[in-house]
Structures are given as C-alpha cells and as structure tokens.
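The values are calculated or read from the model by the stated rules, or taken from the named source; none is laboratory data. Given the structure is predicted, the values throughout are model-derived calculations rather than measurements. Cβ: placed from backbone, ideal geometry, glycine included. Neighbour counts: every protein chain shown. Note: areas computed on protein heavy atoms with side chains; ligands, DNA, RNA excluded. Shrake-Rupley method; radii C 1.70, N 1.55, O 1.52, S 1.80 Å.
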Amino acid sequence: MTTVISRADLVKLADALLAQGTSVIAPSLVRGRVEYARLASGSALAPDSEYIAPALSLKEFLFPRTEPILRYAYGPGGKVTTSSPDPAAEPPQVVLGARPCDAASLPILDKIFSWDYVDQFYFKRRERTTVVSIACAAAGPNCYCTSVGYGPDSTSGSDVLLRRRDDGRYNVETLTAKGAALVRAHSALFAEESSAGTVKIAALPASFPLGKIKPWLDGEFQGKLWDGLAAKCLGCGTCAFVCPTCHCFDIVDEGDLAGGCRRKNWDACAFCQFTRHGSGHNPRSRQDERYRQRVMHKFKYYVEKFGTASCVGCGRCTVLCPVDMNLKGVLETIAKEGTA
Amino acid sequence: MADRQDEMRKLAAGLLERGEVSAVIGYGPGSRPDRTTPLVVTTPAQCAELVWNEHCTNNLAVYLTRAEVQQHAKVALIGKGCDVKSLAGLIQEGQVERDRVVVIGMACDGMAGSMAPLCRHCDVHTPPFHDHLVGVATAANGDPAAFEKEEIARIEALTPAERWAEWQAEFARCIRCYACRQACPLCYCKTCIVEKNQPQWIPTSAHDLGNFAWNIMRALHLAGRCVGCGACDRACPQGIRLSLLNRKLAETVAAQFNYRPGYDAAAKPAMRIFDPKDSDELFR
Amino acid sequence: MNEAKWQPKIIAFVCNWCTYAGADLAGTSRLKYDASIRVLRLPCTGRIDPLFVLSAFERGADGVLVSGCHPNDCHYNTGNFHARRRWIIFNDLLHYTGIDPKRVQFSWVSAAEGQKWATLVNSVVDDVRQLGPFQRYKAMLGEQQAHG
C-alpha cells in the first residue's frame, strides 16, 4: 500500500495549516520566478512541474538574512535592560515542496550551528519546522546533486518525501516522527493506493567523483589553478547568500545613546573585507585567495570537521552568479587534475 | 556574429603575439549555451577560447580597476559600446590611463535575454571610441533616454505613499550581496561607504532601513556617472529594478546640467563641476 | 513624558559663515521662532553630505533644513555651487522614492538675514507639523529600536 496525495489536496493541506496558524513556506511564483515564500493561501503553491528549484534556498527561514539577537536600552542610573527575541514564540513552520537538495542542506547546517555553541536562534526554529520535500522529475543544466552524495529523490533532511506519479498525484514517504505526525494530523487529505504507480525521477549522472576532490585540495593550497579561476570573480556575496549551506555571519550593533539592537547578518567570504583584521592586515587580500577559501571550506575543511562536504549540488551559485562562476566545472577540473 | 568572432580572435592573438598587450579581457563559453563568462587570456593560443555572441552581456570594463589586471602594463578590452562608455568614466576619473588599454571595439547589434530591452534603445552600437573596430553595426541607434521612460513616468505619477510602498517592496528583496556594486565598473572604491564603520553611515543589515539607505546612496553616488550599461540590474540575484533608480537620476542630470556620461572621456563629469547659473528653484 | 501636543523635530544643517551667523543675528535681534528646530553648524553647505540628512531621519527627525550662503557669497568661493548640484539630485531622488518634498527643504540665508531665518524656520516647522510625524521612516526604524 502506498500513501498518496493529490495536488489539490496538497493545496488544501497548505490552507489547513495556515488556518491553524502555521506558517507555510512553499515554492511560489513571485515577480515572474519561483521562490520559497510564506504563503498567504494554498493557491499560491506553484506546481512542481513548472520549475527546477526555487531561486533561493531555504536557509533564510531558519537563519534569517538579518536577525535581532539582543535588544538593549540604557536606563536611568546607568542601568541596562536587555531582551532577546525568542524564536520559540514564532509560529511553527511547514515547508511544503522543498527540493531534496534544499532539505539536505539542513543536516549540514545543523552541524555548524551546534559545533562549539548551540545556536538557539537556529535550533528553536529548526525544531518548529517540518520539511515536506518533492522529488525532482527533471534536473537543470547547473544541477549536480548526484556528484556530492545526494540525488533527485534524496531523503536527507526531509520529514516527508513526495514523488510525482504519472497520474499527477504524489507518493508519500514518511521519514520521521515529525513527518508522521503531520500526515496523521491531516489524514483526510491523504489516500491509500494499492500500487506505487510509475514515478518519474530525474536521471542525473554524476559529473565528477567526489572522492577525488579532497585529496587534491589537501595538496594544492598553493596551486596555480586558483589564479586563473578567480580572475573573473567579482567578489560579491551572491554565491554565499543563495547557497543552502553557506552560513557565515557578522554580528553588528546598531544603536544610539538610548539603546540599540545587536544583529546577526549574513556575511560572505568573497567580500574583500571579510578577513580584514582590526590592525588593518588582511590575510585574504586577493580574490584568488578568497575563491580558494570558498572551495577549500566546502570540500576540505568542512569535511575534516564534520565528515561531510558543505555542498548539496543545487547549482544556484552558478545560476545566479553574475559572471557564471561554475563550481561544478571547477570541481570537474579538480577531479581531472587529481587523476593526472 | 561568427565572422566578428573570428576577427576578434585574430586581433587579440596578434596583440598578444606582438607583445602590445600582456592580457586580453574578453568572453569565454559559459556553463550553459545561453551564457558566456568573462575570460582573461594571456597567450595567443588561448584566444581560440574567446567567444563573441548575443550572450556577451557582462560589462568587462569592471576588471580594469582590479589589481590583478592593473599589474599588466597594457591590456586589451573586448568592448561593446556600453562597456566602452564605462571606460570613458574610468578615464575621466583618473582610474584607468587611456594608453594602457587597447580597446577592441565590438560593433554590437544587441544582446539577447534580459539585456535585450536595454539594447533596443542603445545609441552606441558602434562604441564611442576604440583602437580597433570589429564589424559594422546594422542595428539603428535608439534613444537611451527612452529606456524605462514609461516606467519612470508611471512611478512619478503615483502618490508619494504609493511610491514609497513600491520602493519599500523593491528594497525588501535586497539581500545586500553587493552584486550591483561589484558588477559596476564605476563602483571602484577600495572601501565602499557601506564598509565604513567609524561611524557606520549605512547599516549593513538587510532590513528596511539598511536597504533603503544602501540603494539610494549607491544611486546617488552614481548620479552623473552611471552610463546605463545595466550590469547592476542583470547582476542582482533578486531582480531588483535598479535601472529605474539610476535612469531617473540620469534624466535629472541630463535635464538640469545638460550632461550624459560616457560619450566623451575628456568631458568634465557634471557632479564634479558647477555652473554659476544652475537653477535656484529648490532654494528658499 | 510631555506628549500633550506632538512637536516636530527639525534638524537644520547650516553653514558657519552665512546661515549660522544669520541665525545668531535673529537671536540678538530677539526675533522669536519655533524652538522645534535644532541647528547643526558645518563650515559650508559643500560639506553637508546627503548621509547627514538620512542620519537625521534615522535618529527621529521629522524634517530637515539645509541652508547656506547665497551663490557667489560662499566663504570658500565654490562650496555652495557644488552643494546646489548635489541637493538638486538628492531632492529628486527623495521625491522619487516617496518622501514628501516638504520634509527636506533648502535655502540660502545670509549673515544679514536674521528676519529671513526666523520666518523660514517658522514656515518649515509649520510645513512639517502639518505633515505630522515621519511615520514612514519611523516604521523602518521599528525593527531596529531597542524599545518600541
């Protein structure tokens, strides 16, 4: 027996969740392109056949672009009062229609946000988020999830995985207790089918062997490759900001004589001032050093620290890069160099 | 376009062979058939990788102020008209010396994709200056002032509250990636105003206030300098309509000070000079 | 808190040699003008960066006045000429984004124009009083503020 849900019932599920005060995050058409957005109604849920992946990743719903983490006010007699926003006070979230690559980014982010300090802002939201993913029936020209250990119907990070059948409905695979609870709570919208039907999953052969990447990186910090690659990198933060797994942030205080707010803001290692010290020294003062850092961090340092690369192969960095920096291409080159 | 590609490659290779330049900044094939990518070549053999087609949208003049490029005594730039206009600005502002750049001007009948609407109003299908010219433009010159004219007029016809709401919605999309700044040849400041934190004039946070301050201050710093190449607009990963800001100020500069940047590298930039007879209308 | 009747906060960026002296003359002449204005003295209008105007709004100003020497009278010869071009652009940009023209006003007030200063201030403050608190900017600040 296979649990199934129709598209119409998926829309109803979105509405039911909204009605109970849950925030529904789903791919939605916004200004002519599909983005993950908080739905105002289920009808805004974009049919998954109409896009490869939403333009940006899911991370902003767990790790916002800018987030107040502490508010402070100076009172009479020098007394300081502080308060911290509590993400547990925010409504629960359901992602309805994550792509498997985006779902897979969550276990990767979990590691850095619980490494030496458990980031309460991230985890309180994470606890309150249920992820329903939709497997990919088609891959885009910049996709390479299968090269980094994932795939169009990867289950990593998902609580429920939907796979589209030839009759337009979705087979429902419940993966976690959270996912089971969601399906149970709305069981009227799900049906049981005797057969699993024919399911279309994108065919995406791996572009390079992941196993060849780190060994090459281990020895090529001073390699000639970086120079040529970085010549065209503009040094903007687009790749870092659209990437599902990039997580660097800057802490800033914005205030005046009365008080202020401490914020956690997205930051990018590609920015020229990213590693500038208070002394004025900048250990990564050249763009080639900064681009090398991006690749090293994702495919060597993160692996050494957490046992997994910090990349899900979504290809967004390339799709949205103003100068078409092709990370898949770079990795293909590295894999070939390693062989030579 | 194919014959222009061959001629461009030959020219580039010749310049490198004869040692007239030590690098050529051009375009190479992209990760998809509908994209190209900037490519810096340093040997004649590498020139075979250079391409010229309707996807050569990037403004390559942005690389002329990079340290890695400036280390070369002389470079060649594959320049569309719009890119050469930016170069005029860089020369005017003393950032690039004219005799250190060999301009391989490309006659351009317009790019495809999101750049096409801009190209329909282009008046520099033949670059305004060049050391070599590849091809003959067949597209008729348009009026750059007409680009976005209707949209700007539509916005100006809104009430202040409506205008505010529209721009707030636009700026809410900003993620402060600074792709706009990095793609712009005229945003060459080693330390951008937003990177100054003693004091922090422009909040770095991507909230309404920070995004408003960033976007209007960048537009203001480009007033009278922006040549309307559209690189910022195309670079923005969030599709923010930056051209509507920059073009509006360009029209103010044109109307008030009779100046349009990019056509004459010897001209004095309007915001650098003044006319004692400038209008006093604004002043009580 | 005396919030009986809301009073606008106007920040005036003025040049030292003309407008500030003119304001001083208004004072010594015992001319009365609205106390809702706070005056900041700069050497020249050419020194006034549009960022100062934004900064004023960020810190709760409801209106801004920029004032300096008449053209041809600038103590530094050309500062106000450069400023004039700058304000023309900035003014257009602010309106385009939906900020009411009466919230940022510009004038030339000489050291001899004490009366002009007083009249001007009263007029600007009245304009802004009629517009009310600068809610749009305050709404943007809402996220930032420590309290309320």
* To do: Using amide H atoms built 1.01 Å from N in the peptide plane, name the residues 5+ places from A:Val95, or on other chains, whose amide H lies under 5 Å from its own.
  => A:Ile25, A:Thr130, A:Val131, A:Val132
* Structure fact -> The helix C:79-96 Cα axis meets the longest alpha-carbon principal axis of chain C at an angle in degrees, between 0 and 90 and rounded to 10, of 30 degrees
* To do: Report, as an integer, the average count of C-beta atoms from other chains found within 10 Å of each Cβ along A:254-261.
  => 5
* Asked: Among A:Phe63, A:Phe299, A:Phe113, which one shows the biggest mean-square fluctuation in a GNM of chain A, springs joining Cα atoms closer than 10 Å?
  -> A:Phe113
* Tell me what chain B gives for mean residue ellipticity at 222 nm when only DSSP H runs of n ≥ 4 count, each as -39,500 (n - 2.57), the sum divided by the residue total, rounded to 500 deg cm²/dmol. => -10000 deg cm²/dmol
* Eligible lysines near A:Lys12 by straight Cα distance, threshold 20 Å, same-chain separation 8 or greater -> A:Lys178
* What FRET efficiency do you get for B:Ala112 and B:Ala146 if R0 is 22 Å and r is their Cβ-Cβ distance, rounded to the nearest 0.05? -> 0.65
* Structure fact -> With +1 on the Cβ of every Lys and Arg and -1 on the Cβ of every Asp and Glu, the dipole magnitude of the stretch A:99-168 about its Cα centre, in debye rounded to the nearest 20, is 120 debye
* Check the cysteines of chain B one by one and keep only those with no other cysteine Cβ under 4.7 Å from their own. => B:Cys47, B:Cys56, B:Cys108, B:Cys119, B:Cys122, B:Cys174, B:Cys177, B:Cys189, B:Cys192, B:Cys226, B:Cys236
* To do: Report, ordered by chain and residue number, the aspartates and glutamates lying within cross-link reach of A:Lys212, taken as a straight Cα distance under 16 Å and ignoring same-chain residues fewer than 8 apart.
  => A:Glu220, A:Glu304, A:Glu332, A:Glu337
* What are the trypsin sites (Lys or Arg not before Pro) within the stretch B:174-267 that DSSP puts in a loop, where the Cβ has at most 10 other Cβ atoms within 10 Å? -> B:Lys190
* Determine the shielding of peptide B:23-36 by partner chains: average, over its residues, the number of Cβ atoms on other chains within 10 angstrom of each Cβ. => 3
* Asked: Roughly how many percent of the accessible protein surface of the protein assembly as shown is carbon and sulfur, given a 1.4 Å probe and a whole-percent answer?
  -> 53 percent
* **Solvent-accessible area buried by A and B, counting both chains, probe 1.4 angstrom, square angstrom** => 2800 Å²
* To do: Provide the gained length on full extension for the span B:Ala153 to B:Arg120, in nm with one decimal, where the gain is 0.36 nm per separating residue minus the Cα-Cα distance.
  => 10.0 nm
* **chain A: most fluctuating residue of A:Val118, A:Val160, A:Val95 per GNM, C-alpha cutoff 10 Å** => A:Val118
* To do: Find, to one decimal place in angstroms, the Kirkwood hydrodynamic radius of chain B, where the mean of 1/r is taken over every pair of different Cα atoms and then inverted.
  => 19.9 Å
* Listed residue pairs exceeding 18 Å between alpha carbons, taken from B:Lys85/B:Lys268; A:Lys224/A:Lys305; C:Lys9/C:Lys102; C:Lys32/C:Lys102; B:Lys196/C:Lys138 -> A:Lys224/A:Lys305; C:Lys32/C:Lys102; B:Lys196/C:Lys138
* Please check which bits of the stretch A:106-125 a label hung off A:Ser84 would reach, taking the label as a point 7 Å along Cα-to-C-beta and the cut-off as backbone N under 20 Å. => A:110-125
* **Cα-projected label distance for A:Lys12 with A:Glu304, points at 7 Å along beta-carbon direction, nm** => 5.5 nm
* Asked: How many times 2.2 N^0.38 Å is the alpha carbon radius of gyration of the stretch B:1-142?
  -> 0.97
* Over the whole of A:12-20, what's the average partner chain Cβ count within 10 Å per residue? Rounded to a whole number, please. => 0
* **Global geometry of the protein assembly as shown, whether rounded, prolate or oblate, following the gyration tensor of its Cα atoms and the 1.5 cut on a/c** => oblate
* **Chain pair C, B: total accessible area buried, heavy atoms, 1.4 Å probe, Å²** => 4100 Å²
* Quick one: work out Rg over Rh on the C-alpha atoms of chain A, Rh as Kirkwood radius. => 1.00
* **Order by protection proxy (mean Cβ within 10 Å, highest first), peptides A:77-83, B:52-58** => B:52-58, A:77-83
* Structure fact -> Zone reached by a paramagnetic label modelled 7 Å from C:Lys138 Cα along Cα→Cβ, restricted to the stretch C:1-42 with backbone N below 20 Å, covers C:1-12, C:35-38
* Asked: Relative to a virtual label point 7 Å from the Cα of A:Thr333 in the Cα→beta-carbon direction, which members of the stretch B:46-83 show backbone nitrogen distances below 17 Å?
  -> B:46-51, B:68-69
* To do: Run down the aspartates and glutamates and flag those whose C-alpha is under 18 Å from the C-alpha of A:Lys124, throwing out any fewer than 8 positions away in its chain.
  => A:Glu60, A:Glu67, A:Asp86, A:Glu90, A:Asp110, A:Asp116, A:Asp159
* **Area projected by the alpha carbon convex hull of the stretch A:1-131, averaged over all directions, nm²** => 11.3 nm²
* How big is the convex hull of the Cα atoms of the stretch A:1-72, per residue, in Å³? -> 151 Å³
* Across all directions of projection, what mean area in square nanometres is found for the Cα convex hull of the stretch C:11-80? -> 4.8 nm²
